[in-house]
Amino acid sequence: MGPWRELGASAYRGMELERDGTFEQPESADIQSNSRKLTRVDWKGRFQHFKHNIPTFCTPFGGHEITCVAHPDEVAYLRCRLCTDVVRASTQGVYLEVEVATNPDNLSMAVVDFEAGGCSSVTFSPDTGAVIRERKVREAPRKVEGAYIQPLPTVTTGRPFHGLMGLYLCKDRLAFFRRCQVPAAPVEGGAQSDSNTPPGLAGGRFFPPLRGRPEPDRTEMGPWETTGFVSDLDWAEGRRLTPCLAFRDEGAYRVAWLVSKVESRGKLHSAAEAMVGFPQELFGTR
């Protein structure tokens, strides 16, 4: 196995691209081919293709950032899909992270099972700290069962959520993370270093401050919080989950995908493990 193929197989294990499949999919295509001459795969080019396109949104948004939402209840799907069968068989998890720099109303992060018709999902609200799970229980007449739990407190900054939020899938367990912008407190002797940032989580900002626009309320990043492994994958019928962002209202936003990576079981995993999750009976129905 060449270095670019090995690097890509490791970096994008458990992820696939819409229309491109998994990183190593060309190998399976070659094996199934009846042709005696196997197609030569440009693994370096494929690696660059995945690196560029994994952290991007599907149309109509495109790119790795969103600055405008035209309609209420808009959903922005990521081109990257999570392969639950691959993650389940791996000793590593997959971590995705988003920065929210401008948020006029409300947004949430979710994973959707389109193999069940798009009716089954798990959604995290960074504003309320709640996790909502919906599962299709019958096709005709269609019936969807909903449940929720609030493992994190409601944000009390007096404005919609701004900061970082992440999703972590390991084996068949799902955890969410958030890091809120909070009013800055004066620090004597200079800025403090942040010792609460686990490896694999972005500590800085993608968006610089807006030029020519003062920041009347100076803010800083608060500590990371996690729901812990709040849900398994029993609600999903298929083996592919699509991450997405849901916007309640239209308007000007500044949202960017920062991280899409395979994550070893380090501090991030330990933080999710420390919150042991919640028994099934603690979910309230809705």
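The values are calculated or read from the model by the stated rules, or taken from the named source; none is laboratory data. Source: prediction; values computed, not measured. Virtual Cβ from ideal backbone geometry, glycine too; neighbours counted across all protein chains shown.
Residues that are surrounded by fewer than 15 Cβ atoms within 10 Å (Cβ to Cβ), over 20 Å from Thr242 (Cβ atoms) and at pLDDT below 85 do occur in the stretch 121-139, at least one of them. The residues listed here are Cys58, Cys80; of these, the one that is closer than 19 Å to Met15 by Cα, touching a residue at least 12 places away in the same chain (Cβ under 8 Å) and surrounded by 19 or more Cβ atoms within 10 Å (Cβ to Cβ) is Cys80. Residues of the stretch 117-141 that are in contact (Cβ under 8 Å) with a residue 24 or more places away in the chain, farther than 16 Å from Asp234 by Cα and not aromatic (Phe, Trp, Tyr): Pro126, Asp127, Thr128, Gly129. Restricting attention to the stretch 28-61, which residues are out of contact with any Asp or Glu (no Cβ under 7 Å at 6 or more places or on another chain), in a loop (DSSP other than H, G, I, E, B) and at pLDDT below 90? Within the stretch 28-61, Ser33, Asn34, Ser35, Arg36, Lys37, Arg40, Val41 qualify. Listed by first and then second residue, the pairs linking a residue in the stretch 157-185 that is among the acidic types (Asp, Glu) to a residue that is in a strand (DSSP E or B), with Cβ atoms under 6 Å apart and 6 or more places separating them unless they lie on different chains, are Asp172/Asp232. The listed residues are Trp224, Trp235, and the only one of them that is buried (at least 16 other Cβ atoms within 10 Å of the Cβ), over 17 Å from the mean Cα position of the chain (by Cα), modelled with pLDDT of 50 or more and closer than 20 Å to Ala110 by Cα turns out to be Trp235. If only one of Val259, Val230, Val182 is assigned to a strand (DSSP E or B), modelled with pLDDT under 95 and within 14 Å of the chain's Cα centre (by Cα), which one is it? Just a single option satisfies the conditions, and that option is Val259. When the stretch 235-256 is filtered for residues that are of a type in the set (Gly, Ala, Ser) and assigned to a strand (DSSP E or B), the ones remaining, listed by number, are Ala246, Gly251, Ala252, Ala256.
Out of the residues in the stretch 142-175 that are small (Gly, Ala, Ser) and within 16 Å of the chain's Cα centre (by Cα), state the one that is farthest from Val100 (Cα to Cα). Among residues in the stretch 142-175 that are small (Gly, Ala, Ser) and within 16 Å of the chain's Cα centre (by Cα), the one farthest from Val100 (Cα to Cα) is Ala175. Being under 17 Å from Gly8 (Cα atoms) and touching a helix residue (DSSP H, G or I) at 6+ places or on another chain (Cβ under 6 Å) is a property that does not hold for Lys51.
Report the residue count in the stretch 262-280 for those that are β-branched (Val, Ile, Thr), at pLDDT 85 or above and surrounded by fewer than 16 Cβ atoms within 10 Å (Cβ to Cβ).
Counting residues in the stretch 262-280 that are β-branched (Val, Ile, Thr), at pLDDT 85 or above and surrounded by fewer than 16 Cβ atoms within 10 Å (Cβ to Cβ) gives 0.
Cβ-Cβ distances below 7 Å connect no pair with a first residue in the stretch 250-264 that is more than 27 Å from Tyr12 (Cβ to Cβ), a second residue that is surrounded by fewer than 20 Cβ atoms within 10 Å (Cβ to Cβ) and among the basic types (Lys, Arg), and a separation of six or more residues or different chains.
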